[in-house]
Amino acid sequence: MSKLIEGVNVGALPDPFLFLNNDKEIIKVKGDLNNLSEDYKNFYQMMEKTFLDLKEIREGEIINGVIISINESEMVVDFGYKDYIYVDTPKENLVKGLEPGIQIDVLITIIQDMPFLIRGSITELIKRNVHNKLRTYYEDKLPLIAKVKELIPAGYMLDIYMDNVNIDAFMPNTLADVNKLANPESILNETLNVMLETLQQEKGVYVVSRRKYLKTLIPEEIKKLKKDVVYTGEVTGTTPFGVFVQFNTCLTGMIHKMNVNIDWQNKWNQIKPGMAIDFYVKEITKSQKIILTQSLKESLWDKIKVGKILTGKVINVKNFGALISLDYETMGLIQTTYLVKNNAKLTKGDQVKVKVISVIKDDRKIYLNLVKDKE
């Protein structure tokens, strides 16, 4: 039966015979070359060489071939084309057992004319395979091991070591820790666990996050905390009402100003990021906020409940309401809407009797109403 390929009827031609399909790939019709006459045999061999010359290869294509020679810097690979592929010899720890006669896959990296030259790479092919592996790490949220090799203005350059290949990575300053590092150079040359922030490469490198990895540790670390143990942490920042501290690698807590040692309450402006500080765990809220203290004494905050009637002092009156001091560390708010509705006017320094109407532990907020005489 005749076959019409590329407009040519090859059905009447003797086997074997070669032709090109629409993608210019060589197709060999099965048959025995020895059964051909000498003229057909010469014609076949001429066509075979012609088709090899016409065979189309592209940069980025993976080709399988046989090593025909190899030295320390370069090896030559035959893949049945009119020319060989020239490949930089990969490092021994990357691919072992390379020698003439071995079949290997090569990634075509350069095809040039004048003079005609094909270059390929085994190393780049392995890196491509590593990228596919990294996709699994990203999708399954798995940590990678990386070494911090350089500090640059925007962050850090790291090496990810996988399958004997060093992969370049970049970690922004903001992703280097749970909180801002007091000393950016403290992690230089350190080997860290990081996670991929994205699979998209920025300027040829992967973006990674140590912060993302550390956050995965928080739930288990919180479970280990005990209230009668002295912990040591590092100050990460201060506000007028408290000190923020990082400890146990990934945890962050706050010490209210009134729960800081009395000596430091008088030297508040001398507390700086990076300082070491000892403390106890006072409370862990439902939203996993950690309240710390340097003193184990109990305050009103520890036992306050809705409905409790207390005496307090007006310490300020703002647009949103009156701030009422209930004890040395506990403050409540009478909202403006309540004051207007009840025609109540308060002045800084007034002593007032109040009732607790709401306690929001996670945000450390207490809402109050004034106690009427009949109550």
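The values are calculated or read from the model by the stated rules, or taken from the named source; none is laboratory data. Here the structure is a predicted model, which means the values were calculated and not measured. When we count neighbours, we look across all protein chains shown, and the Cβ atoms used for this are built from the backbone with ideal geometry, even at glycine.
List of remarks:
- Condition met for residue 369 (farther than 25 Å from residue 259 by Cβ and assigned to a strand (DSSP E or B)): yes
- Matching strands (runs of 3 or more DSSP E) fully within segment 186-247 where at least 2 residues are touching a residue at least 60 places away in the same chain (Cβ under 8 Å): 206-209, 242-247
- Test: residue in segment 74-89 that is loosely packed, with under 13 Cβ neighbours inside 10 Å, in contact with a Ser or Thr (Cβ under 7 Å, 6 or more places away or on another chain) and among the charged types (D, E, K, R): yes
- In segment 328-358, the residue that is modelled with the lowest pLDDT out of those that are buried (at least 17 other Cβ atoms within 10 Å of the Cβ), hydrophobic (A, V, I, L, M, F, W, C) and within 46 Å of the chain's Cα centre (by Cα) is 331.
- For segment 75-127, a residue qualifies if it is polar (S, T, N, Q) and either closer than 19 Å to residue 167 by Cα or in contact with a Phe, Trp or Tyr (Cβ under 9 Å, 6 or more places away or on another chain) (or both), and the qualifying residues are 89, 93, 109, 121, 123.
- Test for residue 311: is it outside the structural domain of residue 330 (by TED's automatic domain parsing), among the β-branched types (Val, Ile, Thr) and either surrounded by 15 or more Cβ atoms within 10 Å (Cβ to Cβ) or assigned to a strand (DSSP E or B) (or both): no
- Taking segment 179-206 as the range and being in contact with a helix residue (DSSP H, G or I) (Cβ under 9 Å, 6 or more places away or on another chain), of a type in the set (A, V, I, L, M) and either assigned by TED's automatic domain parsing to the domain that holds residue 234 or at pLDDT 85 or above (or both) as the test, the residues that pass are 181, 187, 192, 194, 195, 196.
- Candidate set: segment 159-181, residues that are aliphatic (A, V, I, L, M) and farther than 27 Å from residue 245 by Cα; chosen: the one nearest to the chain's Cα centre (by Cα): 169
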